[in-house]
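These notes concern the structure reproduced below.
The values are calculated or read from the model by the stated rules, or taken from the named source; none is laboratory data. Please read these numbers as outputs of a predicted model, since none were measured by experiment. No Cβ is skipped: glycine too gets one built from the backbone with ideal geometry, and neighbour counts run over all protein chains shown. Side chains are part of the model used for accessible areas, which takes the heavy atoms of the whole protein and leaves out ligands, DNA and RNA. Shrake-Rupley method; radii C 1.70, N 1.55, O 1.52, S 1.80 Å.
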2 protein chains.
Amino acid sequence: MSDRRVTADDVARLAGVSRATVSYVLNDHPHQTIPEATREKVRRAAASLDYTPLASARILSRGRSDVVVMLIPDLPLGSVVPAVMDSVAETIAPNGLELFLHRCPPGRDIKNLWNAITPVAVIRLGSLGPENDESLRRSQIGFLVELANSELEQGLVLFPGLETGELQVRHLVERGHLRIGYAWPDDDRVTNFASARLRGVQKACAELGIAEPVVLTLPFNPAGAAASVDSWREAGVDGICAFNDELALAIIRVAQLRGIEIPQDLAVVGVDDLPQAAFSVPPLSTVAPRPDKMGQFVARRLLDGIAGREPGSLDPSDGFIRLIERDSA
Amino acid sequence: MSDRRVTADDVARLAGVSRATVSYVLNDHPHQTIPEATREKVRRAAASLDYTPLASARILSRGRSDVVVMLIPDLPLGSVVPAVMDSVAETIAPNGLELFLHRCPPGRDIKNLWNAITPVAVIRLGSLGPENDESLRRSQIGFLVELANSELEQGLVLFPGLETGELQVRHLVERGHLRIGYAWPDDDRVTNFASARLRGVQKACAELGIAEPVVLTLPFNPAGAAASVDSWREAGVDGICAFNDELALAIIRVAQLRGIEIPQDLAVVGVDDLPQAAFSVPPLSTVAPRPDKMGQFVARRLLDGIAGREPGSLDPSDGFIRLIERDSA
DNA sequence: CTACTCTACTTAAGCGCGCAACTGAAGCGC
DNA sequence: GCGCTTCAGTTGCGCGCTTAAGTAGAGTAG
């Protein structure tokens, strides 16, 4: 809040050295022989003035910034996105990189963003719409990681929908539930996720030689949910793959009010592992994302890309999700 | 991804004018008389080269950046923080400002951040710990908005805990529930929020001349929750203020399993207005935050501060929360 | 015809920093 | 005492942009 910024010149003057020396000391520049006494003098001066180099000047001079921007459309970000962020941030921190999140609602034009910030890399977390995706690719950003919400979008898939659906079905079948239902969400914004997961369910059913899943949209209110549950029961369904835990928990609650025993009469498997999932009665079996693994994968890609290395050929979807077996199936 | 960045020089050369003219045109500089023909030439050249000014150079030159950073500790960010972000972003966008979120776990030192970015302003969303808070204040940031999680922390309060607690009690009392219980969360990270809300509850009880609330920690599992509900019932409690909707919904579920009628035997009021709240049986009455109002308030403060104006003397807590009356009380 | 104004630009001075290249002094072998 | 290397710094350029100040030419007033 002072009037004029403190610059490296001020530090140099106070320390009685040149500006270059200040820069060398504060950046721990290699190939430079500076005795500890001088270093200490400089560091003291910098500290006493609360000196912080001006990022813009630093970046301009080095020709490279340390900012990674994560661009996310205005999807409802649950607890997994922040967790992935934390994991990415932690992994790239040793390289001096800092992660920032920027929300990007459908209507907004990205172009103005680059007037404000010069990232080394950006992580696109799901599609931002055709024009923005395109302009992102054409822009002069060092490195771009394109993440997809599901196998149906372009980009790397963090949350593999196919595999998720398969895991759900295989678990139900293992426990003896052979007539599968799918609880489809009543929210357009997540259609992409849902489609991929349903495909996984269908694929697994085919592979296991059981009947096609009975797909019903699950309205997010008690009456509607109850109706869907009744329909499934009439169709002989005894195992439900829910799009996510919210739906799964709703199903469990509604079913219990109707005297349906879980998992004997009806088994349910969710997705997400919400905190509530562990504490429902019975505790919900669910396919959980592993944000730490996801973040580490993204961060590695990022670091490889920035360094100009070819990204390692690891299997992206390896270990990103896991089945948590509890008692609802 | 091209080898060399496209600079204003390239655009100038292509358009057949000087670099200064390019800058004047692209920034719509006032007090400059440039015929439309020339403007068009420049704009075409810029577009055909996909020119984006280098933010760092721009900022260095203008001595001012357009970046607002929102710093948030690693609290679980629900749906309200993103909503506040969107509201802030939208309000400041007409001024050319861009909002970025940066998470700041307790251990992390903020200092390195300013090597990466030079914000005009930062919004501190809750305390980042004593050292970081202090270093933030000493740093050379243009403007700092300090937001508090509750009345118990330093800074402006967006989510007024006192008022929240009061609203809960007054609603219960209006509906004839005079013996109040308070459901305390089993999570250390939210103690600050909870304390303020509880104080509001206690204050309202005192003012209305009813007994002190019976405070019980509500374990987030069915058995524990059931035990708490039993204790309240034994104490004659017929109206519960829950710390948040999650707890409120858990209470409703547990109570129903025990044959307790809601709201006749036991009324419950939550906080947050989760999506599930509207669809529980009975629908949950709750104190809802209004992220749009919060965001607009923060944005106004920000714009005033950046412009050097004294912030308007509006009542910060006005309209930030509201009671949503449904059927659980 | 000169002096002035207005238009439509251009020239050039920074912004603060990093880093390559240079320099002066000290140390050392012969 | 000479040339060589190492130490401990300094000088100065350039990153790409904004913007104050300047200027050539056309138009107009007197």
Considering A:ASP50, A:ASP66, A:ASP109, which residue is under 21 Å from the mean Cα position of the chain (by Cα), of a type outside the set (A, V, I, L, M, F, W, C) and within 11 Å of chain B (Cβ to nearest Cβ)? A:ASP66
For the stretch A:93-106, which residues satisfy the criterion of being over 25 Å from B:THR118 (Cβ atoms) and either within 11 Å of chain B (Cβ to nearest Cβ) or surrounded by 22 or more Cβ atoms within 10 Å (Cβ to Cβ) (or both)? A:PRO105
Scanning the stretch A:112-131 for residues that are of a type outside the set (Gly, Ala, Ser) and within 10 Å of another protein chain (Cβ to nearest Cβ), which turns out most open to solvent (accessible area, probe 1.4 Å)? A:ASN112
Test: A:LEU71 is in contact (Cβ under 8 Å) with a residue 60 or more places away in the chain, surrounded by fewer than 22 Cβ atoms within 10 Å (Cβ to Cβ) and more than 7 Å from chain B (Cβ to nearest Cβ): no
Can A:ASN115 be described as in contact (Cβ under 8 Å) with a residue 60 or more places away in the chain and within 16 Å of DNA strand C (Cβ to nearest atom)? no
Just give me the residues in the stretch B:206-244 being closer than 21 Å to B:VAL281 by Cβ, assigned to a helix (DSSP H, G or I) and within 11 Å of another protein chain (Cβ to nearest Cβ), in sequence order. B:PRO222, B:ALA225, B:ALA226
Checking the condition among the acidic types (Asp, Glu), at positive phi and open to solvent by 20 Å² or more (accessible area, probe 1.4 Å), which residue from B:ASP318, B:ASP273 passes? B:ASP273
On the basis of being over 26 Å from B:ASP10 (Cβ atoms), more than 7 Å from every other protein chain (Cβ to nearest Cβ), touching a Pro at 6+ places or on another chain (Cβ under 7 Å) and more than 11 Å from DNA strand D (Cβ to nearest atom), does B:VAL80 make the cut? yes
Has the stretch A:46-66 got at least one residue that is within 16 Å of DNA strand D (Cβ to nearest atom) and under 23 Å from A:LEU128 (Cβ atoms)? yes
Examine the stretch A:157-166 for a residue that is free of Cβ contacts under 8 Å to residues at least 40 places away in the same chain and open to solvent by 50 Å² or more (accessible area, probe 1.4 Å), and state whether such a residue exists. no
